[in-house]
Amino acid sequence: MRYLAVLRKRTVVNESFFPLFCTFASQPLYMVVNRSYSVIIACMSLYLPSHFPAIECLKSENISVDVADFREQHLHTVPIKIAVLNLMPTKLQTETDILRLLSASPLDIEVAWMRLRSHTPTHVPAAHMDAYYHYFDELSSQSFDGLIVTGAPVEHLNFEEVDYWDELTQIFSWARASLKSTLYICWAAQAGLYFHEGINKYALPKKMFGIFPQRVLHPEVPIFRGFDDVFCMPHSRHTEIRKADIVHCYQLVLLVESEESGVSMCMTKGGKEFFITGHLEYAPRTLDQEYLRDLGKRNDVELPKHYYLDDDPAKRPVVTWRAHAHLLFMNWINEYLR
């Protein structure tokens with residue numbers, strides 16, 4: 001049995017206008033009639049597997065989640081289907097991070113979690129992978145609209161040295177041939193640029209670590225609808241993509257850059273692929289957890305920049321990226337996957 005998370009939005013409207021609302025709505029509507037007014041309720045459904053761990057975490061963050069039977073209540077809708085190849089070692093946290101942002105869309109979304117046959121994760125129970133993840137060859141024959149590929153802690157290796165590189169490139173090829181758009185994050189962005197366009201990565205003298213202001217270079221691109229001219233993005237990486245390589249590639253458009261963190265986002269023309277070198281999906285405490293994890297163990301990691309209140313790790317992080325993270329994911333879904 002599949003379960004779904006239902007987020008409801010209410011609009012007060014005269015009952016006579018209900019057919020007009022239904023005509024232009026992008027999702028199913030129904031009406032609750034009161035004596036003096038009517039309320040249109042638009043249901044956005046995030047389809048999740050039964051007992052998926054992230055459901056309780058999302059509820060704790062005041063994200064409305066109602067559990068209901070997908071097949072019985074939503075057979076009349078065709079959801080946007082997104083596959084997520086989660087390469088992060090902290091899989092459960094990453095699942096929640098991704099779902100938190102997908103929940104911002106007003107559209108019905110079904111998520112499938114993808115795994116690799118050529119790599120066995122060691123930081124997550126095998127029972128979790130068996131229950132909720134499917135191998136690429138089990139999903140590739142299905143119809144999907146989009147793909148999200150997360151980062152991975154392998155940037156110290158050459159791409160061809162990654163033990164699952166061959167299978168990963170099969171997924172990249174499948175995505176370009178079969179899907180509307182793919183979102184590549186952090187190391188996956190570097191891997192996708194290397195495979196598709198021959199763009200290499202370069203080692204940094206010290207880790208790019210913190211929250212950095214970003215400048216939008218092409219505000220007319222639909223993925224930036226509603227964006228400010230400058231927004232913030234978390235970065236946590238030891239390698240970089242260089243601007244000169246992007247601007248000299250005919251197929252690529254440089255979208256976002258920073259004086260401090262360099263190239264942060266580019267795309268292939270038309271939005272077939274988006275490559276994001278940072279981590280807009282990160283939760284407020286993720287950089288803090290990484291800093292404490294590496295403190296005293298590495299000599300190339302400094303205090304994350306522009307992150308802690310008064311630059312004091314004893315104080316709380318200042319969240320400056322969350323609103324634009326939600327907006328970017330919502331624009332990607334609405335503008336490129338519909």
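Summing +1 for each Lys or Arg and -1 for each Asp or Glu, what net charge is found among the other residues whose Cβ lies under 14 Å from the Cβ of Arg225? Display every interim value, and only then the final one.
Working: positive: Arg338; negative: Glu220, Asp228, Asp229, Glu335.
The answer is -3.
Which chymotrypsin sites (Phe, Trp or Tyr not before Pro) from region 258-336 combine a DSSP loop assignment with at most 12 other Cβ atoms within 10 Å?
Numbers: sites: Phe274, Phe275, Tyr282, Tyr291, Tyr307, Tyr308, Trp321, Phe329, Trp332, Tyr336; in loops: Tyr282, Tyr307, Trp321.
For chymotrypsin sites (Phe, Trp or Tyr not before Pro) across region 258-336 that sit outside H, G, I, E and B with at most 12 neighbouring Cβ atoms in 10 Å, the list is empty.
If you take the alpha carbon atoms of region 215-291 and fit the smallest convex hull around them, that volume is 104 Å³ per residue.
Close amide H pairs (under 5 Å, H built 1.01 Å from N) link Gly210 with His235, Lys305, residues at least 5 positions away or on another chain.
Normalised by residue number, the volume inside the convex hull of the Cα atoms of region 266-338 is 111 Å³ per residue.
Roughly speaking, what is the stretch gain from Ala126 to Lys272, that is 0.36 nm per residue apart minus the C-alpha to C-alpha distance, in nm to one decimal?
My answer for the length gained is 49.2 nm.
About its Cα centre, region 271-338 has a charge dipole of approximately 220 debye under the convention of +1 per Lys or Arg Cβ and -1 per Asp or Glu Cβ, with nothing else charged. Residues Asp312, Asp97, Asp163 in ascending order of nearby Cβ atoms (within 10 Å, fewest first): Asp312, Asp163, Asp97.
A Förster distance of 35 Å, applied to the separation of the beta-carbon atoms of Val247 and His51, puts the FRET efficiency at 0.15. Please compute the net charge surrounding Asp166, taking Lys and Arg as +1 and Asp and Glu as -1 over other residues with Cβ under 12 Å from its Cβ. Within the 12 Å Cβ shell, the charges total -3.
One decimal place: the segment Asp310-Arg215 gains 31.8 nm when fully extended, by the rule 0.36 nm per residue minus the C-alpha distance. Considering the options Thr320, Asn331, Val301, tell which one lies farthest towards the positive end of the dipole of region 286-338, charges being +1 on Lys and Arg and -1 on Asp and Glu at the Cβ, about the Cα centre. About the Cα centre, the residue reaching furthest to the positive side is Asn331.
Between Gln289 and Lys180, how high is the FRET efficiency from 1/(1 + (r/R0)^6) when r is the Cβ-Cβ distance and R₀ = 22 Å? Nearest 0.05. Taking R0 as 22 Å, the efficiency between Gln289 and Lys180 is 0.05. Each part gets one Cα centre, and for region 245-293 versus region 97-157 those centres are 20 Å apart.
So what's the net charge close to Gly270: Lys and Arg +1, Asp and Glu -1, counting the other residues with Cβ under 12 Å from its Cβ? Before the final figure, lay out each step's value.
Values: positive: Arg176, Lys180, Lys269, Lys272; negative: Glu273, Glu335.
Taking every other residue near Gly270 into account, the sum is +2.
Taking other C-beta atoms within 10 angstrom as a stand-in for reagent exposure, Val319, Val149 fall in the order Val319, Val149, fewest first.
Here the residues Glu281, Glu240, ranked from fewest to most Cβ neighbours within 10 Å of their Cβ, fall in the order Glu240, Glu281. Approximating the spin labels as points 7 Å out from Cα along Cα→Cβ, the Arg225-to-Asp300 distance works out to 4.1 nm.
Bear in mind that the values in this text are calculations on the coordinates, not laboratory data. Just so it is clear, the structure is predicted and the values come from calculations on it, not from any experiment. Note: ideal-geometry Cβ built from the backbone for every residue, glycine included; neighbour counts use all protein chains shown.
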